[in-house]
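Here is the structure we will look at, set down as structure tokens.
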Amino acid sequence: MHWVLLFLMALLWGPSFLAIKYGLQEIPPLSLAAGRVVLAALILYGIMRLKGNQFPRTFEFWKKFTIMGFLANALPFSMLMIGETKAPSALAAIFNGFTPVATAIIAHVVIAEERLTTKTFVGVVLGFSGILLLFVPALTEGVSGNDRLTGLICFGVMAISYGFSITYSRVALRGYPSFVGPTAQLLTAGVLLLPTALIFEWDQIVLPGIKSLSALLWLAVIATAIAYVVYYRMLEIAGATFLSLVTFILPPIGVILGVIFLGEHLSWYAIIGCLLILGGVGFVRNVGGAKTTE
């Protein structure tokens, strides 16, 4: 059952990078991110209420989950959507795999019990080497007007933001009932993203066609709401360390789907970079049970 749920988790998250490309055909990036979190939050809120849970009515609770909603959803989802308007979805998938490496570095600074060991330091070096290789083709094109470079920077911010969110959750978000935390997190992310999307994209919003609308529904219902249900079930029966294995599966799925359905081409830089990042994850994945989020 553990392995079945693990591969199910990968199948729920893996196609997200492809779905984003389809969604962006008619939905602006910030609007796509906002729609994803708001719809998912409403679904999770319904599940939470069916389970008999409710939100604590304290300022401290909402302060914590506003921070978490920004770090784990609002900022990285925005960067992911914007980045995919500039660069291939396959590269987004590869960068997402860098999240455990970024988490290890941040945890080293923030959490005294999670200092880098020789093993995790090797993982960090491998991970950063892979990221640097991914930047090589973009840097050869120059900086001015370089959409690919802009996209890669967005993906980098995404992975780092995920790393901060994971570290923050270990320090500040323990002991809440299942679905209370994720629902609050997505609700606050929606509150942050909706006005931002309206301010910057109000003149670009149109009624999307079936392909983009289907992509939005996939991202909200399948890749976020249902994925959270499976994710928390896995935490209960398998633990975070086992769940971190999904980090090895996501990048290949995202890359393969981008190549097959979008005709994306990966240079040898990207292939070797992906392998180096996965190697780095192999060294650091047991650090606090690092997870990825898509």
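Every number in this text was worked out from the coordinates using simple rules, so none of it is lab data. Here the structure is a predicted model, which is why all the values come from computation and not from measurement. Glycine also receives a Cβ, built like all others from the backbone with ideal geometry; neighbour counts cover every protein chain displayed.
Of note:
- Cα shape, the range 132-226, gyration tensor, a/c 1.5 rule: oblate
- Fully extended contour minus Cα-Cα distance, from residue 199 to residue 242, at 0.36 nm per residue: 11.3 nm
- When shorter helices are ignored and each DSSP H run of at least 4 residues is given -39500 (n - 2.57), the per-residue value for the chain at 222 nm works out to -23000 deg cm²/dmol.
- For the chain, convex hull volume per residue from C-alpha positions, Å³: 133
- Separation between Cα centres of the range 241-284 and the range 202-228, rounded to whole Å: 24
- If R0 is 35 Å, the Cβ-Cβ spacing of residue 3 and residue 271 corresponds to a FRET efficiency of close to 0.85.
- Candidates per trypsin sites (Lys or Arg not before Pro) in the range 70-137, loop by DSSP, up to 16 other Cβ within 10 Å: 115
- DSSP-loop GluC sites (Glu not before Pro) across the range 41-123, with at most 12 other Cβ within 10 angstrom: none
- Cα-based shape type of the range 1-109, given that a ≥ b ≥ c are square roots of the gyration tensor eigenvalues and the cut on a/c is 1.5: rounded
- Packing order of peptides 102-108, 201-207, 213-219, highest average first: 102-108, 213-219, 201-207 (average count of other Cβ atoms within 10 Å over each peptide's residues).
- Selected from 253, 107, 88, residue furthest toward positive end of dipole (the chain; charges at beta carbon): 107
- Dipole size of the range 7-161 about its Cα centre, with +1 on Lys/Arg Cβ and -1 on Asp/Glu Cβ: approximately 460 debye, rounded to the nearest 20.
- Dipole of the chain, positive direction: furthest Cα of 10, 215, 137, with charges on the beta-carbon: 10
- Per-residue 3J(HN,Hα) values for the range 115-126, derived from phi via the Karplus relation 6.51 cos²θ - 1.76 cosθ + 1.60 with θ = phi - 60°, read 5, 5, 9, 4, 5, 5, 5, 4, x, 5, 4, 4 Hz in sequence order (x marks Gly and Pro).
- Here r is the Cβ-Cβ distance between residue 135 and residue 25 and R0 is 25 Å; the resulting FRET efficiency, rounded to 0.05, is 0.40.
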